[in-house]
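Presented below is the structure to which this report refers.
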Protein chains: 2
Amino acid sequence: MSGRLSVVGLGPGDARYLTPEASAALAGADALYGYGPYLERVPMVAGQSRHPSDNREESARAAAALRHAARGASVAVVSGGDPGVFAMGAAVCEAIETGPQSWRTLDVTVVPGITAMLAVAARIGAPLGHDFCALSLSDNLKPWDLIERRLDAAAGAGFAIALYNPVSRARPRQFGKAMDRLRRHLPQTTPVVFGRAVGRAEENVNVTTLATADTTPADMATLVIVGTRQTRVVARPGRSPLVYTPRAAAEVSA
Amino acid sequence: MSGRLSVVGLGPGDARYLTPEASAALAGADALYGYGPYLERVPMVAGQSRHPSDNREESARAAAALRHAARGASVAVVSGGDPGVFAMGAAVCEAIETGPQSWRTLDVTVVPGITAMLAVAARIGAPLGHDFCALSLSDNLKPWDLIERRLDAAAGAGFAIALYNPVSRARPRQFGKAMDRLRRHLPQTTPVVFGRAVGRAEENVNVTTLATADTTPADMATLVIVGTRQTRVVARPGRSPLVYTPRAAAEVSA
């Protein structure tokens with residue numbers, strides 16, 4: 001009996017963003033694994049077991065789900081946003097590469113989802129409308145100097161930048177350090193968008209500038225988009241502004 | 001009477017990737033605007049008008065849709081993938097900024113979708129599992145030397161790279177030039193993924209290396225992912241390989 005594992009992207013959280021493919025994968029699984037708060041967003045199915053774990057236990061969660069699938073079950077690992085963007089996709093692939101040979105015979109599917117940067121960008125206009133980067137500010141898995149080098153490269157070459165995991169309790173000051181670094185390359189007036197919980201009751205999306213970005217509240221669930229020199233803010237009477245990065249690039253001086 | 005405009009991401013094309021929010025926006029529109037082949041993917045609704053246009057006419061299409069909405073209608077502009085990623089989102093925002101003041105009072109919504117790089121990445125594993133960039137190789141709207149500078153910056157700093165619009169009839173040689181540029185920074189063995197039409201009958205996803213990437217067929221609808229020095233290819237007996245970029249970054253020497 002051959003087991004199956006799907007790694008399923010839930011999108012930003014609200015059901016309106018959940019693709020039919022993701023809904024089907026969740027409904028058809030014998031067992032669900034995932035970070036507790038993500039599992040709570042998935043409708044209950046009779047006879048389905050649920051295996052919540054902490055958000056720092058990605059490797060252990062991937063291995064437990066693969067062991068379960070290898071016993072012949074259909075297992076789904078849930079991921080916020082898209083599984084391939086700073087989420088469970090790479091953790092599952094790593095576990096397969098380093099685990100028992102039998103895990104390589106499992107039927108593994110990754111089900112894409114709306115990742116946070118796309119949801120936040122859509123809410124405000126099109127700030128990622130031209131070339132852009134996605135960068136995690138967490139230094140759990142990479143040294144801080146590499147993060148700074150990537151911020152230099154991205155801002156210097158004129159990419160818009162989506163920052164995942166901007167702040168955690170363990171590293172309250174690094175977001176400010178990242179903004180300082182970006183100020184070496186970008187004007188203080190560069191638009192910066194903060195988005196959190198798009199589509200949920202506690203949704204919060206707002207626009208500031210690089211000058212004051214450090215003072216905007218943020219946490220691990222906030223997605224920050226830093227524009228380019230060309231990113232525009234379009235004021236609208238009685239409506240929130242639109243923020244977009246034009247499709248046509250000007251030369252960058254860096 | 002106040003008009004409404006939604007810019008709707010269709011995802012990669014198959015209905016399994018269309019979010020409930022996108023389905024509702026399409027079904028509720030009085031009129032649909034978009035590139036002809038994208039419009040053909042949308043189920044017909046009685047009484048709804050359809051306004052196909054060529055794929056090079058983004059600005060004119062955005063203006064026509066806004067004029068229509070300003071007459072009090074509910075208009076949807078369809079976009080392949082996600083509207084915010086090299087698609088109609090920025091074109092609509094530009095048209096609003098440069099158009100009549102009355103367009104700023106319209107109710108404008110951007111409905112996110114599964115963009116090509118997420119769909120292709122999911123099909124093969126998690127090649128964008130760590131920091132990455134999205135870059136269009138089209139030089140219609142930016143000079144080629146800027147594209148090369150961005151390739152240098154992204155590869156030099158260890159980002160995985162998703163390339164949109166890699167090849168067109170008007171510029172058959174630029175994809176090869178881009179691969180040459182990346183070879184200055186990355187080993188010939190770097191994994192490169194080609195993906196096209198994910199989820200549709202003509203789906204084609206395959207893995208090669210930077211050494212032979214130029215000889216792989218590609219067109220405007222192909223999405224190319226170039227890995228990093230750390231991207232892994234995991235062979236699986238009787239199955240296609242998994243390609244992923246580990247969550248933990250090693251130092252880059254560049």
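Computed over Cα pairs, the Kirkwood radius of region B:9-79 leads via Stokes-Einstein (1.306 mPa s, 10 °C) to a diffusion coefficient of 129 µm² per second. For region A:152-215, the solvent-accessible area of protein heavy atoms averages 42 Å² per residue (probe radius 1.4 Å; ligands and nucleic acids excluded).
Extents of region B:37-109, largest first, come to 33, 29, 19 Å (Cα atoms, principal axes, whole angstrom).
Per residue of the protein assembly as shown, what 222 nm ellipticity follows from adding -39500 (n - 2.57) for every DSSP H run with n ≥ 4, rounded to the nearest 500?
On the way: 14 runs with 136 residues, N = 508.
Taken over the protein assembly as shown, the calculation gives -8000 deg cm²/dmol.
Only protein heavy atoms count here; under a 1.4 Å probe, A:Trp144 has an accessible surface of about 40 Å².
Mean per-residue shielding of peptide A:221-234 is 1, counting Cβ atoms of other chains within 10 Å of each Cβ. A simple charge model with +1 on the Cβ of Lys and Arg, -1 on the Cβ of Asp and Glu and nothing else charged puts the dipole of the protein assembly as shown at about 240 debye relative to its Cα centre.
For B:Met44, the distances from its label point to the matching points in the remaining copies are 4.5 nm, ordered from shortest, with each point set 7 Å beyond Cα toward Cβ. Taken about its Cα centre, region A:202-254 carries a charge dipole of roughly 400 debye when the Cβ of each Lys and Arg holds +1 and the Cβ of each Asp and Glu holds -1.
Taking only the Cα atoms of region A:151-207, the radius of gyration and Dmax are 12.9, 37 Å.
Taking all protein chains together and rolling a 1.4 Å probe, A:His185 ends up with roughly 50 Å² accessible.
Per-residue mean of other chain beta-carbon atoms within 10 angstrom of the beta-carbon, peptide A:157-163? Can you show the working numbers first?
Details: counts 11, 5, 7, 1, 1, 1, 0.
Shielding by partners across A:157-163 averages 4.
Kirkwood Rh over Cα pairs of region A:72-175 into Stokes-Einstein at 20 °C, 1.002 mPa s: D in µm²/s? The estimated diffusion coefficient comes to 133 µm²/s. The orientation-averaged projection of the convex hull spanning the C-alpha atoms of chain A amounts to 14.9 square nanometres.
Could you give me D for region B:170-254, from Stokes-Einstein at 4 °C and 1.567 mPa s, where the hydrodynamic radius is the Kirkwood radius over C-alpha pairs? Units µm² s⁻¹, please.
Details: Rh = 14.1 Å.
After rounding, the answer is 92 µm²/s.
Between this copy and the others, label points of A:Ser59 are 5.3 nm apart in ascending order, each placed 7 angstrom from Cα in the Cβ direction. Distances between copies at B:Thr208, taken between label points 7 Å from Cα along the C-beta direction, are 4.7 nm in increasing order. Could you state how much accessible area is buried at the A-B interface, both sides summed, with a 1.4 Å probe, in Å² to the nearest 100? Using a 1.4 Å probe, the pair buries roughly 6600 Å².
Once the Cα gyration tensor of region A:109-239 is found, what semi-axes does its equivalent ellipsoid get, as square roots of 5 times the eigenvalues, in whole Å, sorted largest first?
Details: eigenvalues 87, 70, 46 Å².
Working through the eigenvalues yields semi-axes of 21, 19, 15 Å.
Please report, in debye to the nearest 20, how large the charge dipole of region A:130-254 is about its Cα centre when each Lys and Arg carries +1 at its beta carbon and each Asp and Glu carries -1 there. The calculation lands at about 120 debye. Projection of the Cα convex hull of the protein assembly as shown, averaged over all directions and equal to a quarter of that hull's surface, yields 22.4 nm².
Need one value for B:4-10: mean number of C-beta atoms belonging to other chains within 10 Å of its residues' C-beta atoms.
On the way: counts 0, 0, 0, 3, 0, 3, 0.
Average neighbour count from other chains, rounded to a whole number: 1.
On region B:100-254, 51 percent of the accessible area sits on carbon and sulfur atoms, based on a 1.4 Å probe.
Result for chain B in a Gaussian network model with C-alpha springs under 10 Å: among B:Leu182, B:Leu151, B:Leu141, the largest mean-square fluctuation is at B:Leu141. When all alpha carbon pairs of region B:177-222 are counted in 10 Å bins from zero, the resulting P(r) reads 25, 51, 20, 4 %.
For region B:4-125, the Cα-based Rg and Dmax, in that order, read 13.7, 47 Å.
The values are calculated or read from the model by the stated rules, or taken from the named source; none is laboratory data. Being a predicted model, the structure only gives us computed values, none of them experimental. Don't worry about glycine lacking a Cβ; one is built from the backbone with ideal geometry, like all the others, and counts go over all protein chains shown. Please note that ligands, DNA and RNA were not included when accessible areas were found on the heavy atoms of the full protein model with its side chains. Shrake-Rupley method; radii C 1.70, N 1.55, O 1.52, S 1.80 Å.
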